[in-house]
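The values are calculated or read from the model by the stated rules, or taken from the named source; none is laboratory data. What you see is a predicted model, and the numbers here were worked out from it, not measured in a lab. Cβ: placed from backbone, ideal geometry, glycine included. Neighbour counts: every protein chain shown. Note: accessible area is taken over every heavy atom of the protein model, side chains too, but ligands, DNA and RNA are not part of it. Shrake-Rupley method; radii C 1.70, N 1.55, O 1.52, S 1.80 Å.
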Amino acid sequence: MSDHALDVSMTINGERVAERVEPRKTLVDFLRDDLGLTGSHVGCEHGVCGACTMRVDGAIVRGCLMLAVQCEGAQVETIEGLSDSGEIADLQAAFEARNALQCGYCTPGMIAAAQDLLKRAEETKSVPSRDDIREHLSGNYCRCTGYHAIVDAVEAVALARAGK
Amino acid sequence: MKPAPFAYKKPRSLEEAVALLGEHKDARLLAGGQSLIATLNMRLSAPSLLIDINGIGGLDGINHSGGKLEIGALVRHAQAERSAAVAQYAPLIARALPHIGHPAIRNRGTLGGSIAFADPAAELPACLMALDGEVEAGGPKGKRTIGAQDFFKGLFETALAPQELLTAIRVPAAGKDRRTGFAELARRHGDYAIVGLAASARADGKNLADVRLCFFGVGATAVRARKSEAALAGGDIDAAIAVLDLEPQDDVQASGAVKKYLAGVLLRRVARQLLEAGA
Amino acid sequence: MKITPDSPPTLTALDRPNSYIGRSVPRPNLHRLTQGRGLYVSDVALPRMAHVAFVRSPHAHARIKSIAADAAKNSPGVIAVVTGAELAKVMTPWVGVLTHLKGLKSAPQSPIAVNVACWQGEAVCAVVARSRAQAEDACELVEVSYEELPAVTDPETALDPKTPVIHASLGDNLCFERKLDVGSVDKAFAESDAVVETTFMFGRHTGVTTEPRAVVADWNEGERRMTVYHATQAPHMMQDLFAKHLSLAADQVRVLTKDVGGSFGIKVHTYADEMATVALSKLLRRPVKFVADRIESFVTDIHARDHRVKAKIGVKKDGTITAFEIDDLTGIGPYSVYPRTSGIEANQVVILTGGPYTCANYRAQARVVFTNKNVMCQYRAVGHPIAVAVTEGLVELAAAKIGMDPLELRRRNLIADDAYPCASAAGLKFEQLSHHEALAHLDAMMNYAGLRAEQKKLRGQGIYRGIGFASFIEVTNPSAAFYGVGGARISSQDGATVKLDSQGAVTVHSGVTEQGQGAESVLAQCVATSFGVSMDKVRVITGDTDNTPYGGGTWASRAAGIGGEAAWQAGKALRGNVLAVAGAMLQAKPEDLDIRNGVVVDKATDTERLSLEELARVAYFRPDTLAPGFQAELMATRHYVPRAWPFAFTNGIQASYLEVDTDTGFVKLLKHWCIEDCGTIINPQLVDEQIRGGVVQGIGAALFEQCLYDERGQMLNGNMADYLVPMAAEMPDITCGHVVSPTADSELGAKGAGEAGTAGAPACIMNAINDALRPLGAHPLTDMPFTPGKILRALGKV
């Protein structure tokens, strides 16, 4: 560890973590390399593909465009935490039933973005249209599915959550 | 790629940040980081120090006073999207915000960062120019105000001095007679625009006054199409397109000729928006 | 043969109670992926694992004069700095040639360039360090002195005498040439009522797998064994190649592939930097990890589809196609990629053009030339997107020229559904296709007449929508005719081992691999059905050369048709073995028994006789209770290779409905349809999803994707912001339907389905755009990708 290294502590999936880290280490690399949370994936390192999308202090962010040292005191939620808490159980079930994932590499980021849309929809008591869903997921690259099945799965969950 | 090594400091005050900039000539400021960290990840930039300004208080407010809307430099795009004040007093900015990247980017990216970064294909610098806004900058000698027309100097180059930070932007608060128009053409939702137009004007009876047409994606900075503004003020859309004198360069997305042609198409569409009754 | 909108076919002799064949069951391996608990090679961490980064040539062509590594060696965390010359002591170079592509030639390629770098991005030095970041820091300190050489970047002039020859030993820049002349082409053109001649251009593009290429190589000096965690489609092939080039025996190499973040053919090739990583592990006697980052992926992942095709079609007034002629020129990289070669794509273009039609007159020429750009090789649907776009583009231009409806022209020329078995003009052997049935199904499904009416009405309002079609044939289930006959150690056979465990559950070990397409599910469905248990009692193991039968892996849409058949047969064989044990235990005749839903039953009455759990208990723990001389055998292995046909051809037809904004040149995709005949469908949802994903990849080729190079061989747009891949907001919903023509070459009758979407979509989009713009007198667009600029130029607006 170089002279630049700093101590940083944050809460990750509800667990308090304190580590020493190089400032140049991105949040997603910190999670994957230092903590073994390999559910968040790296696809481009320039914020475009969305594979690293996760939640920090309740908002979805690109894990490759944040530094670990920026997250002092933050609440970080990765796919592992979202999954274990049960928050996305219906989304996971819908994705699996509809085969809205093939290789699964984009899936953690895609689900984080989908959950973000659905939470906003619940707040405003609205149901997103297929176009709304496509727009909200427009920053998450999937090479396998062609997106149609993903839109189907998110739409099904949106309707179910709205009691329709 | 992984960034080259750098040190990291998080000042708690503007004065501290300014002092750090003075001590470290190749330091970079970290606000939203959505452009900076991508640049660092590609090793296009290798500063020795990152100064994280996210801890400086007082820079994330949205305030309407004295006929102006002031937006702090650290206001996130997502925060501005949700702001009733921005929707009411800076509707042009409200129209532009959903075009900036994607939700995850907008949760971190800041208005101050976008203006200071001055990407020629970005929406907000063009909006600032179209609204005849101003930038507030803080430096070793205190704060100063720079008008939008003097702020954008060249490709990724602004009037900020090496030891200055952008602390806020201000735009004249929109009144009932404000007309705005916004359109951009991008191959995919959220991409940087091939060409875009941010426009503002004041309704003057059936005509338009104070027309400002600000194209982006067509030059080293956002560009005012002044001849077209004059023609449009006279109500002549065709003439406005005919005198459009942009000289865009070729880039990987489109040739200069295509950009220029598309600029004319956008002008027609935005002109109609401006001439419609109601902002 | 019958139309099945979306319902599964019923098998006859294969009908089993609780059959999973034809059922859209969810894939069993998805929980780990939706929880973020998969295991991709990029997730693998081993003790003492080091990371490699490569110094890459910034020049398209340059002599490497010297490499000064001292500063790099002293950089923090650095373990070794290794040049091509040093690595050559550990690993031998390779040459990508196949004997059945006559005349195909290529120069030897080394894992790290020695003496000359031949494309921008080629690795010239490796830095191994404790972290990737430290390796990259040290890469910046390596001083490479280059002498720039002229770069060959224009395929059109690559063979000119004045153009420098990239590899002097080869004599010229020609990699491969193929000619075909069948029937009487000149006479046919002379007798045509209309001839259409045009040039199609296809933009070089690449796979952009969401997970970049990744490999962790682990040489254990004590065991003298190399374990490679490899994001690959073909673990046995790679085992063979790693062993060969490290001068090891094959059984000294183990290749492991668990979850792969997308492959599409990108991950079935031999990459210099991956080979280098494996060699470095042997040299350094510790694990070494390489994960390509996105920037280096763009200049090292294989590119594909860089073709210029001059093409001609002749037709009679009555719509009969008289002849096809093509002249294909493709500019690959400086090396033919190993071991599948970079001649295959052009060869496919030659043999596939015109394929769906009865036309007997066909002349083709293809030349594959070397350039100093990134290497090019097989990518999803290899050659088909080009052959189909050329064929179907010509067909619709011809239809327009003689004023005939494009579907009608196809009806008059597609091979009749009852004409089989037959061969195409190019010599392709077809067992049974269903072009007409598929066309009729598409016509109805999309309400073609309704769309034409809507199109006409909207034209009156200045809204320009287009409808475009593509009929196609698709190569699947390849026999040894594809690669084996050419001397490549690429296996077209495959195997499956099934085992009953001590609790009555089943494990399947298979030589095909899961790439996200659903191979694990297909294998489980086949075994569960042929053996007789519910799917939750079947566990699938793939991607381990130590623990699976020797197989070919996943490519050319073979996993379901070939891997599935082997699994099916193995399940049947195990059922036989288990019923022999049951017969011994129950004193009944095995042929009077069956296994249904995990229980041994009387076949005739369905009466339950014995659970598998109990049978396993006795066979494994109480063999003393079985008759003397009886040996329980609760494992079975079966292999399968297609023998009757070189390829199991499938067929299909696609349609695109889109709107062109004639002010901006932007295209809005409204809807897409695909009718596909891939024989027996094992899992309809998975087949449809392969089609959808493939269609969108084809849309990418038609509208968005191109690797842009300047004349100096520099790639200009090698990042995700500038290289445009399809994203959700611009893609249409895609409706799928099926016809079922099973192959008789296997009991399941399943052909492949993975590439059909990509094969037909670009042609469809092109035809739809031209259909939209035809009334405006626009010059037909034939130069992919169809950017707004090209559309505006065709409209004369720019």
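Between the stretch C:347-364 and the stretch B:93-151, how many Å separate their Cα centres?
Answer, in whole Å: 57.
If you plug each phi of the stretch B:73-84 into the Karplus form 6.51 cos²θ - 1.76 cosθ + 1.60 with θ = phi - 60°, what whole-Hz ³J(HN,Hα) values come out, in order, with x for Gly and Pro?
Per residue, the Karplus-derived 3J(HN,Hα) values read 4, 8, 5, 6, 4, 5, 5, 5, 4, 8, 7, 5 Hz.
Can you give the local net charge around C:V114? Use residues other than it whose beta-carbon is closer than 14 angstrom to its beta-carbon, Lys and Arg +1, Asp and Glu -1.
Taking every Cβ under 14 Å from that of C:V114, the sum is +1.
In chain B, with Lys and Arg counted as +1 and Asp and Glu as -1 at Cβ, which of these residues, B:S35, B:A19, B:A263, has the Cα nearest the positive end of the dipole, that is, farthest along it?
The Cα lying farthest towards the positive end belongs to B:S35.
Quick check on packing: order A:36-49, B:207-220, C:334-347, C:600-613 by the mean number of other C-beta atoms within 10 Å, highest mean leading.
C:334-347, A:36-49, B:207-220, C:600-613
If you put +1 on each Lys and Arg Cβ and -1 on each Asp and Glu Cβ, how big is the dipole of the protein assembly as shown around its Cα centre, in Debye rounded to 20?
In total the dipole reaches around 740 debye.
Could you tally the net charge around B:A161, taking each other residue with its Cβ under 14 Å from the Cβ of B:A161, Lys/Arg +1 and Asp/Glu -1?
My count for the surroundings of B:A161 gives +1.
Expressed as a rounded percentage, what relative contact order does chain C have, with Cα pairs under 8 Å and six or more residues apart?
Answer for chain C is 16 percent.
Any of C:K312/C:K751; C:K162/C:K373; C:K572/C:K603 with alpha carbons more than 27 Å apart? Name them for me.
Pairs exceeding 27 Å: C:K312/C:K751.
Lys/Arg Cβ at +1, Asp/Glu Cβ at -1, dipole of chain C taken about the Cα centre: which of C:V660, C:I791, C:V641 is farthest positive-ward?
The listed residue farthest towards the positive side: C:V641.
Where the only charges are on Cβ atoms (+1 Lys, Arg; -1 Asp, Glu), what is the dipole of the stretch B:138-271 about its Cα centre, to the nearest 20 debye?
460
May I ask which residue of C:A117, C:A243, C:Q503 lies farthest towards the positive end of the charge dipole of the protein assembly as shown, with charges of +1 (Lys, Arg) and -1 (Asp, Glu) on Cβ and the Cα centre as origin?
Looking along the dipole axis, the top candidate is C:A117.
Per residue of C:789-796, how many C-beta atoms from partner chains lie within 10 Å of its own C-beta, taken as a mean?
Shielding by partners across C:789-796 averages 3.
Over the whole of B:96-109, what's the average partner chain Cβ count within 10 Å per residue? Rounded to a whole number, please. Intermediate values should be presented prior to the final figure.
Numbers: counts 0, 0, 1, 0, 0, 5, 15, 15, 19, 8, 4, 9, 9, 2.
Counting other chains' Cβ atoms within 10 Å and averaging over B:96-109 gives 6.
Test of the criteria: in the stretch C:520-608, which chymotrypsin sites (Phe, Trp or Tyr not before Pro) are in a DSSP loop and have at most 16 other Cβ atoms within 10 angstrom of their Cβ?
Passing sites in the stretch C:520-608 are C:Y550.
Taking amide H positions as placed in the peptide plane 1.01 Å from N, state which residues far from C:S24 in sequence (5 or more) or on other chains have amide H under 5 Å from it.
C:Q685
Using DSSP to call loops (not H, G, I, E or B), can you name the trypsin sites (Lys or Arg not before Pro) in the stretch C:610-702 whose Cβ has at most 14 other Cβ atoms within 10 angstrom?
Passing sites in the stretch C:610-702 are C:R643.
Can you list the GluC sites (Glu not before Pro) in the stretch A:57-96 that are in a DSSP coil and have 16 or fewer other beta carbons within 10 angstrom?
Loop-located and lightly packed - A:E72, A:E87.
Other chains' Cβ within 10 Å of A:128-141 residues: what's the mean?
On the way: counts 0, 0, 2, 2, 0, 2, 7, 7, 5, 6, 12, 12, 6, 7.
Averaged over the peptide's residues, the number is 5.
So what does B:H99 come to for accessible area, using a 1.4 Å probe and Å² rounded to 10?
Near enough 60 Å² of accessible area.
Pull up all non-local amide H partners of C:R225: gap of 5 or more, or a different chain, and H-to-H distance under 5 Å with H placed in the peptide plane.
Amide H to amide H, under 5 Å and 5 or more residues apart or across chains, C:R225 pairs with C:N220.
Round to a whole angstrom and tell me the spacing of the C-alpha centers of the stretch A:61-77 and the stretch C:711-767.
Using only Cα atoms, the two centres lie 36 Å from each other.
Show the residues, 5+ positions off or on another chain, whose built amide H is closer than 5 Å to the amide H of A:L67.
A:L27
When we measure straight from the Cα of B:K25, which lysines land under 29 angstrom away, once same-chain ones fewer than 8 places off are left out?
In chain and number order, the partners are A:K25, B:K2, B:K9, B:K10, B:K141, B:K143, B:K153.
Please give the charge dipole size of the stretch C:554-599, origin at the Cα centre, charges +1 on K and R Cβ atoms and -1 on D and E Cβ atoms. Round to the nearest 20 debye.
Details: 5 positive and 4 negative charges, 23 e Å.
The dipole magnitude comes to about 100 debye.
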